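What follows is one structure encoded as structure tokens, with my remarks underneath.
The values are calculated or read from the model by the stated rules, or taken from the named source; none is laboratory data. Quick caveat, the model's predicted, so the values are computed rather than measured. Every residue, glycine as well, gets a Cβ built from its backbone with ideal geometry; the counts of neighbours run over all protein chains shown. The accessibility values were calculated without ligands, DNA or RNA, using every heavy atom of the protein model including side chains. Shrake-Rupley method; radii C 1.70, N 1.55, O 1.52, S 1.80 Å.
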Amino acid sequence: MTDGEQEPESEVEMDGVEAAEKRYDEASPENREAAWLELWHARDFTWQGRSEKAALQTEMVEVPASFPDGREAEGEFKRVSLKDYWRWSIGLPGVERLLTDEEMREAGLLVEVDGETYHLIHAPDLWLKVIEHGMPLQILTDIIAARAERVPDDIGTNADNSPNWVRALQLLGGWLPGGLLRQAHTRKAIDMSGAYVPDIHLSGLKVGPLNCLRSLFTGRVNFVGATFSGEADFERATFSGKASFSDATFSGEADFTIATFSGGAQFYNATFSGGAGFEKATFSGEAGFGRATFSREAGFTSATFSGEVDFTSATFSGGASFSSATFSGGVSFWLATFSGGASFWLATFSGGVVFKSATFSGEANFTVATFSGGASFEKATFSGGANFWRTTFSGGADFQKATFSDWAIFENATFKAPVTFVGGTFEDVVIFNKVNWPNLNVPNAFKGARFKDRVDFESNSLISVSAFNEAHFEIPPSFRDLTQSQLDEVFGDSINQTKESIRQAKKAQAEAKRKKGKYEGLTPDQLLAALEGGFRTLKKVADEKGNFLLSQTYYRFEVRTRVKRPEIAFWEKVAATFYGLSSDYGNSIARPFVSLAVILAGFAAIYLALAIEVNLINWQDRAALQSGFFESLDFSLNNVFQPLSALSTDAPREGDASSLAEKLLNNYGLGLGLIVTAISIVQSLTGIVLAFLFGLAVRRRFQIS
């Protein structure tokens, strides 16, 4: 390189530390280590300092007033550079002083790595040298422990109430070999922000305030049973290996904001006495928080969970926020307790999620959340409001035996798979407005459910009618008004959905039989019974609201469904069919008249045919045939309007041959007489039934009590 030419600045130096920090914060988990190394070099921890922002020259810390730099102290602390902090001879033999570079080299505190000079604490890959060359850690242990003794018990706080980390033990940017911190362990505050930690084992120990901002943990992190007496700051830290904080106690704030856990993260039975912040944290492996206790706010807003997540029996005494969180694997909140508000606004669950027997004492907010797998809220208790506005359930949704003590909103929710509220209890207002129900049969979805207050089902689409079988409404629910044609369409859709369910049930039965297993689903008869019960429930609702015409429509659908059931007796099906044909199930005033006319003509034809058969009338004699027809019609009319007159003591006797009826009854032997009498009785009874159906239709149409 010729004189006057300057070595081009690296991309890192041109972009600066802030740009490197930004790249690190935005790096994907697999690129986080490389981004950390780039940031570490950008901060420049070389002893001589390659850049204007070299950390050792620009980072200022506070040390006790007795610090041996020759300056008079103006207060309890002196402010010195990080480089002078590491020149301090404390922990080494002799009088405390600031060591020269030569003295530090002789003591083994300055080392050469890739042509650069570093203090031993900042030497890259120091942990490898310890393992490969057996480099003793005692010198580091001694100088760290000595510095720790000079750290005040209370480092104080800044104006924003954050810890005054400049007074802590300064290990920022250090490459800390395994075992170093445990050997030089202190209960004092430690600032190890930006440090490289291949592994750390502080299980069961008491740890003072700890700052691990943007630290990189590449190996096993073991804080099992540890007690953090002050703030534990792991903001933007990277855990490449398994991180275990199980049974740990966080007495102060625990901050894991934007932290990345590439291996498993275990917080089982951990206690968070202060706030717990995991906002925008990334969990690439398993995340275990089972039986964890959060005494104050727990923040998981925008966190990303790629593996299995376990919050079983976790306790949230303050508010809990999982808003905009992403769950890619299975999730368990089984038996979890939320004493404050719980927010899952905009959360995304790609796998199955279990809130079985969970308790929500405050408002449970699931607005605009997405459940792509199954979602179970079985036996969950919602003591505060439950908000599922615009929530999407692409998998099954299970609210069996759930209790809603306060209002519940499902407005604009979407259910794309079967949903069940079997045995649920709704003690306050429930809104199902504009819900997009699944276009499939969901029998018994509300079976045994009790609605004690107003319920609104005014949706653009109606859930399958079989869902309402054996549902109980103390106050009639509100449904969208439907025209008769729309009601008929509802019936048709319900029958088609049930037929499809029956087809699938038969297929499943056959498959179970083939495998010599047991079929545990609903039988075809049970599926139709559920639909029948659903129409019965809607009929009852219409009755309670005084809409008798609608009630009659649902009753008609109920009977039409019942006759399709395979286990209903044949005679009941025949009677119901006659009931429908003759009066539209008591709904038509005209049909009984039409049916009566058909019966009059039909039975008259029967009587005329009998007369021709016994040669009482010559069918070739037109005049005799015409006369016989009118006499047969007269006999038919007499049987209808004088019911059972064929059995009367005034009935014509043998020898009274003045009419066709008298001749059929008496002049052709006992056999024909009995046949004609039986036919007459059937006609009379049919006429009585039709008269009753006419009266019933009139009563229902004009609501006569």
>> Using a 1.4 Å probe on the protein heavy atoms only, what accessible surface does S350 show? Give it in Å² to the nearest 10.
In response: 60 Å²
>> Given all pairs of different Cα atoms, what value in angstroms does the Kirkwood hydrodynamic radius of the stretch 344-447 take?
In response: 13.2 Å
> With every protein chain present, what is the per residue accessible area of the stretch 426-496 (1.4 Å probe, Å²)?
Replying inline: 44 Å²
> In terms of Cα to Cα distance under 20 Å, which lysines are near enough to K188, apart from those fewer than 8 places away along the same chain?
Replying inline: K78, K206
> Percent antiparallel among DSSP beta bridges with both residues in the chain, to the nearest 5?
Replying inline: 10 percent
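Do any of K545/K573; K434/K564; K401/K452; K452/K539; K401/K540 go past 21 Å between their Cα atoms, and which? Working shown, then result.
Details: K545/K573 30 Å; K434/K564 32 Å; K401/K452 15 Å; K452/K539 19 Å; K401/K540 23 Å.
Listed pairs above 21 Å: K545/K573; K434/K564; K401/K540.
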>> Between the stretch 606-625 and the stretch 157-188, what is the separation of their alpha carbon centroids in Å?
In response: 119 Å
>> Checking the cross-link filter: which lysines have an alpha carbon closer than 22 Å to that of K22, excluding same-chain neighbours under 8 positions apart?
In response: K53, K280
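Could you give the accessible area per residue of the stretch 163-235, probe 1.4 Å, as a whole number in Å²? Mind dumping the intermediate values first?
On the way: 1920 Å² over 73 residues.
Per-residue accessible area for the stretch 163-235 comes out at 26 Å².
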> Put E76, E52, E112 in order of accessible area, largest first, 1.4 Å probe: what do you get?
Replying inline: E52, E76, E112
> Which of the peptides 172-182, 444-454, 512-522 is most tightly packed, and how do the rest follow, going by the mean number of other Cβ atoms within 10 Å of each residue?
Replying inline: 172-182, 444-454, 512-522
>> Report the Cα centroid-to-centroid distance between the stretch 238-300 and the stretch 441-496 in angstrom, as an integer.
In response: 45 Å
> In the chain, which helices (entire DSSP H runs) extend 27 Å or more along their own long axis, judged by Cα positions, while averaging at least -1.0 on the Kyte-Doolittle scale?
Replying inline: 524-544, 590-613, 622-641, 669-701
> So what are the three principal axis dimensions of the stretch 181-266 from its Cα atoms, in whole Å, longest to shortest?
Replying inline: 27, 22, 19
> In Å, what is the Rg of the alpha-carbon atoms in the chain, and how long is Dmax?
Replying inline: 43.5, 152
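Could you give the semi-axes, largest first, of the ellipsoid that matches the stretch 512-631, computed as the square roots of 5 times the alpha carbon gyration tensor eigenvalues and rounded to whole Å? Don't skip to the end; give the middle numbers.
Values: eigenvalues 424, 115, 9 Å².
Here the semi-axes work out to 46, 24, 7 Å.
For the chain, what relative contact order do you get, as a whole percent, if you take Cα pairs closer than 8 Å and at least 6 residues apart? Write out the running numbers ahead of the final one.
Working: 1745 pairs, mean separation 27.7, N = 705.
Reported as a whole number, the value is 4 percent.
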> Considering only protein heavy atoms, what is the solvent-accessible area of E427 at a probe of 1.4 Å, reported in Å² to the nearest 10?
Replying inline: 80 Å²
> Expressed as a whole percentage, what fraction of the accessible surface of the chain belongs to carbon and sulfur atoms when a 1.4 Å probe is rolled over the protein heavy atoms?
Replying inline: 51 percent
> Can you give the helix-only mean residue ellipticity at 222 nm for the chain, where every DSSP H stretch with n ≥ 4 adds -39500 (n - 2.57) and the sum goes over all residues, rounded to the nearest 500 deg cm²/dmol?
Replying inline: -11000 deg cm²/dmol
> Considering only protein heavy atoms, what per residue accessible area in square angstrom results for the stretch 18-73 with a 1.4 angstrom probe?
Replying inline: 51 Å²
